[in-house]
Amino acid sequence: MSVQSLCVEPDGVLRQPARPVAAFTNDLRRLARDLIDTMYAHDGIGIAAPQVGHAVQVFVANPGQRRGQELVVVNPVLVRAEGRAAMVEGCLSVPKIWERVHRAAAVHMTGHDLFGQPLVIQADGLLAVVVQHELDHLQGRLFVDRLPWYHRRRVLRTLRRAIRPG
Ligand code: ZN
């Protein structure tokens, strides 16, 4: 088990678009295992590679939090998004902030597994929210960016106060 330390807003790696994975190596699989361990260590239901300091296109999700049933997606592409849903979200990189976010209700995504095999993800409900949240991370976006600007400003101010030392 290798729990990694989390990168937290305003860490620049969270704002950097992640680069696609070019080689499906043991290093990639180790990164995925570390992501899974880190996600569980922090009671998360999803985590993306930039959150542990690697700006590459990998995320894991497990809204059911059943060990061994994690969804690991490399180089995800959003193919279709339908409907509209709002759910209260939090993020391991935006500690102690919980806000209602509007997103698509259902998504169709493609990607690859850790061995380069193609994946197709059809998701609705909580999984749809999680995969959209993680895809945002790979594009350098945080869930608070989806809030109305006045609301976002308040949240970021609260966050800055929270992380100021002393
Ligand atoms: Zn997040």
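The values are calculated or read from the model by the stated rules, or taken from the named source; none is laboratory data. What you see is a predicted model, and the numbers here were worked out from it, not measured in a lab. Cβ placement follows ideal geometry from the backbone for every residue including glycine, while neighbour counts extend to all protein chains displayed. Just the protein is used for accessible areas: all its heavy atoms, side chains included, with ligands, DNA and RNA removed. Shrake-Rupley method; radii C 1.70, N 1.55, O 1.52, S 1.80 Å.
See the values below:
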item: Sparse-neighbour loop sites [chymotrypsin sites (Phe, Trp or Tyr not before Pro); segment 110-153; at most 16 other C-beta within 10 Å; DSSP]; result: PHE115
item: Longest DSSP-loop-exposure-free segment, trypsin sites (Lys or Arg not before Pro), the chain, at most 15 other Cβ within 10 Å; result: 1-65
item: Ranked order, THR25, THR38 - accessible area, probe 1.4 Å, largest first; result: THR25, THR38
item: Per residue accessible area in Å² of the chain, where ligands, DNA and RNA are left out and the probe is 1.4 Å; result: 53 Å²
item: Amide N of segment 46-79 lying under 16 Å from the label point, which is placed 7 angstrom from the Cα of HIS108 along Cα→Cβ; result: 77-79
item: Calculated P(r) of segment 1-145 - Cα pairs past 20 Å, %; result: 42 percent
item: Rounded FRET efficiency, nearest 0.05, which uses the C-beta distance separating ARG160 from VAL77 and R0 of 41 Å; result: 0.75
